[in-house]
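The values are calculated or read from the model by the stated rules, or taken from the named source; none is laboratory data. Everything quoted here is computed from the prediction, not taken from an experiment. When we count neighbours, we look across all protein chains shown, and the Cβ atoms used for this are built from the backbone with ideal geometry, even at glycine.
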Amino acid sequence: MLNLKWKTPKEWLDVVFSDFNSFLLDHASCERKASSTNMSLVVKYPNRVEILNSLIEMALEELEHFHQVYKIIERRGLILTPDEKDKYVNYMLKYLRINSDERFLDRLLLSGIIEARGCERLNMVANALEDIELKNFYTELTKCEARHHSQFIHLASFYFDKETINKRMEELLIIEAEAIQSVPFRPAIH
């Protein structure tokens, strides 16, 4: 996993388990948004043919995750809620550069960083769950998030050298640490 600059404390987990139903609803929303983000990269960069299949496959996988979370929500008698603006993500989006190639790199790397944060937090949830079915589900999702975050970095390597990627990644990881700390704990992934 990426070397995130700030580790989520146990207090976040306490908030999650104080209202796990709200966490599930937020989780569904995050999976939906992740699928949409992958497809927006396909639409925005159709000439980047080396990465289109990977982006589409990740979009489909995120959509399947949304469906899996939705089934849990449905069994609990919950109703999906409209998407809310994600202050954490919006904080980071302010730092996207304007030059088209730089912006492309930033979008890939930020997507990978967001997946890494999701990986960290879903792993915390998986480890704390007592319900075996949910524990197994979140353990599998953690593995997928780990694969996705490294996949975004790999996709960037088709167009940018390692030094450029590492330098910008380091800058964005600092921004991400500021972003995640700026959001109060709530029963949500971010």
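Identification of helices (runs of 4 or more DSSP H) wholly contained in region 85-190 with 3 or more residues that are touching a Pro at 6+ places or on another chain (Cβ under 6 Å), modelled with pLDDT of 95 or more and over 19 Å from V69 (Cα atoms) yields no element.
If I filter region 66-73 for residues that are among the charged types (D, E, K, R), under 30 Å from A128 (Cα atoms) and modelled with pLDDT of 95 or more, do I get at least one hit? Checked region 66-73: at least one residue is among the charged types (D, E, K, R), under 30 Å from A128 (Cα atoms) and modelled with pLDDT of 95 or more.
Within region 32-73, the only residue that satisfies the criterion of being within 21 Å of D101 (Cβ to Cβ), in a helix (DSSP H, G or I) and basic (K, R) is K44.
No other residue among S150, S157 is among the small types (G, A, S), surrounded by fewer than 22 Cβ atoms within 10 Å (Cβ to Cβ) and over 29 Å from S22 (Cα atoms) apart from S157.
Those residues that are within 25 Å of L52 (Cβ to Cβ) and either surrounded by fewer than 19 Cβ atoms within 10 Å (Cβ to Cβ) or among the basic types (K, R) (or both), I need them from region 8-34; list them, please. It would help to see each step written out before you state the result.
First, pick out the residues of region 8-34 that are within 25 Å of L52 (Cβ to Cβ): 30-34.
R32, K33 - these are the residues of region 8-34 that are within 25 Å of L52 (Cβ to Cβ) and either surrounded by fewer than 19 Cβ atoms within 10 Å (Cβ to Cβ) or among the basic types (K, R) (or both).
Cβ-Cβ distance below 6 Å, separation of 6 or more or different chains: which pairs start in region 113-132 with a residue that is of a type in the set (S, T, N, Q) and end on one that is surrounded by 17 or more Cβ atoms within 10 Å (Cβ to Cβ)? Listed pairs, sorted by first residue: N123/T142.
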